[in-house]
Amino acid sequence: MPSDVGDAFVGYLNGGRPVVSCREVFLRRRAPLIGIDSTTVTTVVHFACRRAGLATMGAHRLRHALAAELLAAGAGLPEVAQLLRHRDLASTAVYAKVDRVSLGSLARPWPRSGS
């Protein structure tokens, strides 16, 4: 995590987040002040896409992009699984297939004919 993002996160937790009884880190802006859910995240992503003039995409695509970037940067599947909160590495392994360059090093050579 970049230091400026970490600083902003600490600032939010220390002074910007309302005091509520729920344990979720990020809260809705309007009452009731409860943790945000996947529908909220998807709505925010849709609005951000529209503002940026991009085709609408869902929050899952952002998770997919994050996982692919982390794997390309050298993170291991267990670390990516932990970040994405996957219980099973098989769920995370789906993201590994998008890194075709790294997968190429794992591919076996095509068998040649004997002639």
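Can you tell me which residues in the stretch 79-114 are in contact with a His (Cβ under 9 Å, 6 or more places away or on another chain) and either surrounded by 12 or more Cβ atoms within 10 Å (Cβ to Cβ) or modelled with pLDDT under 75 (or both)? Don't jump to the end; show me each part of the working.
Looking only at the stretch 79-114, we keep the residues that are in contact with a His (Cβ under 9 Å, 6 or more places away or on another chain), and these are 80, 92, 94-95, 98.
Matches in the stretch 79-114: VAL80, THR92, TYR95, VAL98.
Search the stretch 77-90 for residues that are in contact (Cβ under 8 Å) with a residue 12 or more places away in the chain and pair each with any residue that is surrounded by 11 or more Cβ atoms within 10 Å (Cβ to Cβ) and of a type in the set (Phe, Trp, Tyr) when their beta-carbon atoms are under 9 Å apart and the residues are at least 6 apart or on different chains.
That search, which allows pairs on different chains as well, returns LEU77/TYR95; VAL80/TYR95; LEU84/TYR95.
Limited to the stretch 12-64, what total is found for residues that are in contact with an Asp or Glu (Cβ under 9 Å, 6 or more places away or on another chain), aliphatic (A, V, I, L, M) and within 24 Å of GLN82 (Cβ to Cβ)?
So the count comes out to 1.
Take the stretch 1-28 and flag every residue that is within 20 Å of THR43 (Cβ to Cβ) and of a type in the set (Val, Ile, Thr).
VAL25
Going through the stretch 31-48 one residue at a time, which ones are assigned to a loop (DSSP other than H, G, I, E, B), over 15 Å from the mean Cα position of the chain (by Cα) and either in contact (Cβ under 8 Å) with a residue 24 or more places away in the chain or loosely packed, with under 12 Cβ neighbours inside 10 Å (or both)?
ALA31, PRO32
If you take the residues in the stretch 64-76 that are in a helix (DSSP H, G or I) and without any contact (Cβ under 8 Å) to a residue 24 or more places away in the chain, which one is farthest from VAL45 (Cα to Cα)?
We begin by selecting, within the stretch 64-76, every residue in a helix (DSSP H, G or I); these are 64-72.
If we keep only those that are without any contact (Cβ under 8 Å) to a residue 24 or more places away in the chain as well, we get 65-66, 69-70.
On the way: ALA65: 14, LEU66: 14, GLU69: 19, LEU70: 20 Å.
This residue is LEU70.
Scan (1) in a helix (DSSP H, G or I); (2) of a type in the set (Lys, Arg); (3) modelled with pLDDT under 85 for the single condition ARG51 breaks and write down its number.
ARG51 satisfies every listed condition except (3).
Filter the stretch 14-30 down to the residues that are part of a helix (DSSP H, G or I) and surrounded by 10 or more Cβ atoms within 10 Å (Cβ to Cβ) and list them by number.
GLY16
The values are calculated or read from the model by the stated rules, or taken from the named source; none is laboratory data. Just so you know, these numbers come straight off a predicted model, no measurement behind them. Cβ atoms come from the backbone with ideal geometry, glycine included; neighbour counts cover every protein chain shown.
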